[in-house]
1. If packing is taken as the average count of other Cβ atoms within 10 Å, what order do 54-63, 22-31 fall into, highest mean first?
2. Would you please state the base-10 log of I(q)/I(0) at q = 0.21, 0.25, 0.28, 0.31 1/Å for region 58-104, with intensities from the Debye formula using one equal scatterer on every alpha carbon?
3. Return the Rg/Rh ratio of the chain with Cα-based radii and a Kirkwood Rh.
4. If each residue of separation counts as 0.36 nm, what is the full-extension length gain between residue 46 and residue 16 once their alpha-carbon separation is subtracted?
5. To test your reading of the geometry: what angle, between 0 and 90 degrees and rounded to tens, separates the Cα axis of helix 74-85 from the longest principal axis of the chain?
6. Would you mind calculating the relative contact order of the chain from Cα pairs under 8 angstrom and at least 6 residues apart, reporting the percent as a whole number?
7. Hey, what's the Cα Rg ratio for region 34-78 versus the globular rule of thumb, 2.2 N^0.38 Å?
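Read-outs: derived from the displayed coordinates by stated rules, not from any lab. The structure presented is a predicted model; accordingly, all values stated were derived computationally and were not measured. Note that we place each Cβ from the backbone using ideal geometry, even for glycine, and neighbour counts take in every protein chain shown.
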């Protein structure tokens, strides 16, 4: 019975973001450049969601885990799905303001 619910709702455990970052994961902020300029995680890279598909090859060459962030977690969730469909290991870090606790 448990497997049924797990398959329905997926694994809801949060990745160990501190360990992923320590191992070299890349943080991609998928907000607009204007939003990014208003505040962002220091080591993040700004790749707006609407341009992410054009950067897939470049990201794949890096062979790094990718953590996506945005304002609320919605766009970063879409970005994570796009990256995973392209065969990359990606996680949705959610809102950048909440995620920055893992970067200190």
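1. 22-31, 54-63
2. Relative scattering, expressed as log10 I(q)/I(0), comes to -0.67, -0.85, -0.96, -1.04.
3. 0.99
4. This chain segment gains 8.6 nm when fully extended.
5. Rounded to the nearest ten degrees, it is 70.
6. Over the chain, the number comes to 27 percent.
7. Values: Rg = 11.0 Å, N = 45, 2.2 N^0.38 = 9.3 Å.
Normalised Cα radius of gyration, region 34-78: 1.18.
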